[in-house]
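The values are calculated or read from the model by the stated rules, or taken from the named source; none is laboratory data. Just so you know, these numbers come straight off a predicted model, no measurement behind them. Ideal geometry is used to build each Cβ from the backbone, glycine not excepted, and the neighbour counts take in all protein chains shown.
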Amino acid sequence: MAAQIQATLTDESISTTYRALKHMYYAMRTQIFWDGNKRTALISANYILLLNRNGVLHIEEKKLEHWNELLSEFYETNEDEKIIDWTYNNCIFGIDY
């Protein structure tokens, strides 16, 4: 498990945003901790995003139902491209100067 996380976080062939999302969903699905896996994964993704000035990840309340459907599909199939794409397009917010 630690090797998979390390490989994802250090893969410079993919963007930092993609790495953050890939890590987040991997951590959610593998249930690293006894409790709080989604919260911890979301915080760690935001840490990566903010550290690299790539915005912040926030799932708006009105989008939670759809996100939960995508998350359930991901948990069942382990195919993360659909939920990563949706998250990127709907849940990453930056600062407009």
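Worth pointing out:
- Among (1) farther than 17 Å from THR40 by Cα; (2) in contact with a Cys (Cβ under 7 Å, 6 or more places away or on another chain) - the single one SER72 does not satisfy: (2)
- Which listed residue is surrounded by 15 or more Cβ atoms within 10 Å (Cβ to Cβ) and in contact with a Gly (Cβ under 9 Å, 6 or more places away or on another chain), from LEU71, LEU49, LEU21: LEU49
- Yes/no for SER72 being within 22 Å of GLN4 (Cα to Cα), under 11 Å from the mean Cα position of the chain (by Cα) and polar (S, T, N, Q): no
- Near pairs, Cβ below 7 angstrom, 6+ apart or cross-chain, from the range 21-32 (on the phi > 0 side of the Ramachandran plot) to any residue that is modelled with pLDDT under 95: GLN31/ASN37
- Scope the range 51-72; condition modelled with pLDDT of 95 or more and either in contact with a Lys or Arg (Cβ under 7 Å, 6 or more places away or on another chain) or of a type in the set (A, V, I, L, M, F, W, C) (or both); matching residues: VAL56, LEU57, ILE59, LEU64, TRP67, LEU70, LEU71
- Subset of the range 52-68 (residues that are assigned to a loop (DSSP other than H, G, I, E, B) and exposed (fewer than 11 other Cβ atoms within 10 Å of the Cβ)): ARG53, GLU60
- The residue that is nearest to VAL56 (Cα to Cα), among those in the range 9-30 that are of a type in the set (S, T, N, Q) and not in a helix (DSSP H, G or I), is SER15.
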